[in-house]
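Shown next, in structure tokens, is the structure this report addresses.
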Amino acid sequence: MATEPELIHRNTKRTGELSEAAFLLKAESLGFHVSRPWGDSERYDFILDTGPRLWRVQLKCTEAVHARGYDIQPIYAVYGQGKVVYTADQIDVLVAHIIPKDTWYVLPVDAFAPCKSLRFYPDIECRRARWESYREAWHLLRNQDPIPQDPDAPPFSRFLREGGMEQSAPSSDCEGMDWRRCLLHAVREALRHTSAGTDS
């Protein structure tokens, strides 16, 4: 008699870390520069430097299908207030990573607030797929007016601008391959491996 496959309990923290690594490589491969805020007190996860301005990016990821779609909740918990939606005072853009498809949605905060739940259909036919125009919409982060910046603030992405990452070469396994592509491939393989675990 056939037995039911064993249910694998995923480490959501590690899944989030893999998605963060994938975002770093994705953004760098598109020509953006990425930095992280000091500590974890801010509502955004990354600072994305496009040249003209800096964007505060909150990253959310999912790998589970619910009711034929992938759900992302652009919220955080506040003691005594419950779940609260991100606002333009806290972040500039939400990036949603659909891990099984390695698909990215780039949503300015004004596009989704005050929605507490977003559903994406990257490979599922749906006549009311509200957010499809934001799929891979990285162009929304280019050619924007600069935001005011404190002249005394530290240059967060100086290390990247001056080629600091260029000094970090991949292992000999990637010889002959652009190192960014090699690293991106490695992260995608790791994400594919973790996603396949739920189907085994």
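Read-outs throughout are calculated quantities, based only on the coordinates presented, and are distinct from any laboratory measurement. Predicted, not measured: the structure shown is a model, and the values here were computed from it. Methodologically, a virtual Cβ is constructed for each residue, glycine included, from the backbone with ideal geometry; neighbour enumeration extends over all protein chains shown.
Quick rundown of the values:
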| quantity | calculated |
| --- | --- |
| Efficiency of FRET from Cβ geometry, A77 and T103, R₀ 35 Å, rounded to 0.05 | 0.85 |
| Those lysines that a straight Cα-Cα span of less than 18 Å connects to K26, excepting residues fewer than 8 apart in one chain | K60, K101 |
| Per-pair calculated FRET efficiency, R0 = 25 Å: D40 and H66 via Cβ, rounded to 0.05 | 0.35 |
